[in-house]
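Below you'll find the structure, written out as structure tokens, and then a few comments.
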Amino acid sequence: MITNIERQQIQQLLQAPQWQTVERLAHVLIEQIRDQPSVGDTEWDTIKRAFSIDFEVRGIRRFLQECYNQALETK
């Protein structure tokens with residue numbers, strides 16, 4: 001569980017100018033992941049690659065969103 005002090009630290013990170021660089025890096029990484037070829041040797045391989053790409057992108061977005069959610073929960 002995240003403590004209130006940790007939430008406050010996350011909130012401070014989100015307000016720091018360096019956070020924009022972290023967000024930019026996340027978006028660049030998402031674009032790099034999406035640029036990966038999703039067509040495989042077989043139909044199964046293509047499906048697996050497509051899901052893998054989607055899951056990676058969702059994971060990055062979910063992490064960023066959770067940072068904002070935790071910052072909003074500070075008391």
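The values are calculated or read from the model by the stated rules, or taken from the named source; none is laboratory data. From a predicted model like this one, the values you see are computed outputs, not experimental measurements. For neighbour counting, all protein chains shown are included, and Cβ atoms are generated from backbone atoms with ideal geometry for every residue, glycine included.
General observations
- Total residues in segment 60-75 satisfying the condition of being in a helix (DSSP H, G or I) and charged (D, E, K, R): the figure is 3.
- Residue within segment 39-54 that is among the small types (Gly, Ala, Ser) and within 18 Å of the chain's Cα centre (by Cα) present: yes
- Only one entry in THR42, THR74 is hydroxyl-bearing (Ser, Thr, Tyr) and either surrounded by 13 or more Cβ atoms within 10 Å (Cβ to Cβ) or in contact (Cβ under 8 Å) with a residue 60 or more places away in the chain (or both), namely THR74.
- Assessment of segment 51-59 against the conditions (basic (Lys, Arg), assigned to a helix (DSSP H, G or I) and in contact (Cβ under 8 Å) with a residue 12 or more places away in the chain) yields no matching residue.
- The residues of segment 22-39 that are exposed (fewer than 12 other Cβ atoms within 10 Å of the Cβ) and part of a helix (DSSP H, G or I), listed by number, are ARG24, LEU25, VAL28, GLU31, GLN32.
- In this structure, THR3 does not qualify as surrounded by 10 or more Cβ atoms within 10 Å (Cβ to Cβ) and among the β-branched types (Val, Ile, Thr).
- Residues within segment 34-46 that are modelled with pLDDT under 95 and closer than 20 Å to ILE60 by Cα, tallied: 3
- Residue-level check: of (1) assigned to a helix (DSSP H, G or I); (2) of a type in the set (A, V, I, L, M); (3) touching a residue at least 12 places away in the same chain (Cβ under 8 Å), ILE5 misses just (3).
- Residues of segment 47-71 that turn out to be exposed (fewer than 11 other Cβ atoms within 10 Å of the Cβ) and at pLDDT below 95, as a count: 0
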